[in-house]
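Right, one structure below, let's go through it.
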Amino acid sequence: DFSGNTLVPGYEKEITSSGGSGSYVPKDDKIRVKVSIKAIDGYWMQNKSVTLEEDATVSDALLKAIKGTGITQVGAENGYIKSMEYNGMELGEFTHGDFSGWMYKVNGTAPNVGVTDYELSDGDRILFYFTEDYTKEFMEEDEEKDEDKKDDESKPTTTPVNEVFKDVDTHWAS
């Protein structure tokens, strides 16, 4: 008989492992991400938490994160950040050379799509950063991948002792 249960619209009732009634857990279909913006002179924003709809993009996260902070941007709505400005300092494409501009990473990786095309997941960490030479960014990333491969190839494969002897108890007990 379920007549004693209370239903609350928009929530599901969580049952604890002991069978007792738990707390109400919101079912809000939201994701939470963190946004950082790193300029030449340091961070303009660091790990700002933003709550968004499930199908949100990097552009959505940036626009919500900078709202009310004094940071302005041009272009995110169109997929490419042409410039950002904060405290009178404007940084944009070509302001520090032919290859300068804003780039972004999600969870440490630079996607090959514009900010309106990358759909976020709960817990993602977004870093917008200004580079004076984007070609070096890609070369450094390739070099890091090559170094990781070298490290992986040079490391001997090992098996933890407890894995090697995991069947010993079974054989000795019989």
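The values are calculated or read from the model by the stated rules, or taken from the named source; none is laboratory data. Being a predicted model, the structure only gives us computed values, none of them experimental. Glycine also receives a Cβ, built like all others from the backbone with ideal geometry; neighbour counts cover every protein chain displayed. Keep in mind that these areas ignore ligands, DNA and RNA; they rest on the heavy atoms of the full protein, side chains included. Shrake-Rupley method; radii C 1.70, N 1.55, O 1.52, S 1.80 Å.
Does THR51 meet the test of being closer than 26 Å to ARG32 by Cβ, open to solvent by 20 Å² or more (accessible area, probe 1.4 Å) and not in a strand (DSSP E or B)?
For THR51, the condition - closer than 26 Å to ARG32 by Cβ, open to solvent by 20 Å² or more (accessible area, probe 1.4 Å) and not in a strand (DSSP E or B) - is not met.
Just give me the residues in the range 94-103 being open to solvent by 50 Å² or more (accessible area, probe 1.4 Å) and free of Cβ contacts under 8 Å to residues at least 40 places away in the same chain, in sequence order. Before you say what the answer is, go through the steps one by one.
From the range 94-103, those open to solvent by 50 Å² or more (accessible area, probe 1.4 Å) are 94-96, 98-99; that's our starting set.
Matches in the range 94-103: PHE94, THR95, ASP98, PHE99.
Could you check VAL106 against (1) of a type in the set (A, V, I, L, M); (2) within 12 Å of VAL35 (Cβ to Cβ); (3) open to solvent by 60 Å² or more (accessible area, probe 1.4 Å) and say which number it fails?
In the conditions (1) of a type in the set (A, V, I, L, M); (2) within 12 Å of VAL35 (Cβ to Cβ); (3) open to solvent by 60 Å² or more (accessible area, probe 1.4 Å), VAL106 misses (3) alone.
Only residues that are hydroxyl-bearing (Ser, Thr, Tyr) and surrounded by fewer than 18 Cβ atoms within 10 Å (Cβ to Cβ): list them for the range 109-130, please.
Start the filter on the range 109-130 by keeping residues that are hydroxyl-bearing (Ser, Thr, Tyr), which leaves 109, 116, 118, 121, 129.
Within the range 109-130, THR109, THR116, SER121, TYR129 qualify.
Among the numbered conditions (1) part of a helix (DSSP H, G or I); (2) open to solvent by 50 Å² or more (accessible area, probe 1.4 Å); (3) modelled with pLDDT under 95, tell me where LEU63 comes up short.
(3)
Looking at SER174, SER121, SER83, which one is among the hydroxyl-bearing types (Ser, Thr, Tyr) and either modelled with pLDDT under 90 or touching a Cys at 6+ places or on another chain (Cβ under 6 Å) (or both)?
Values: SER121 fails: either modelled with pLDDT under 90 or touching a Cys at 6+ places or on another chain (Cβ under 6 Å) (or both); SER83 fails: either modelled with pLDDT under 90 or touching a Cys at 6+ places or on another chain (Cβ under 6 Å) (or both).
Answer to the selection: SER174.
Within the set of pairs 6+ apart or on separate chains, which have a first residue in the range 72-88 that is at positive phi and surrounded by fewer than 17 Cβ atoms within 10 Å (Cβ to Cβ), a second that is modelled with pLDDT of 95 or more and hydrophobic (A, V, I, L, M, F, W, C), and C-beta atoms under 6 Å apart?
Between residues of the range 72-88 that are at positive phi and surrounded by fewer than 17 Cβ atoms within 10 Å (Cβ to Cβ) and residues that are modelled with pLDDT of 95 or more and hydrophobic (A, V, I, L, M, F, W, C), the close pairs are GLY79/VAL115.
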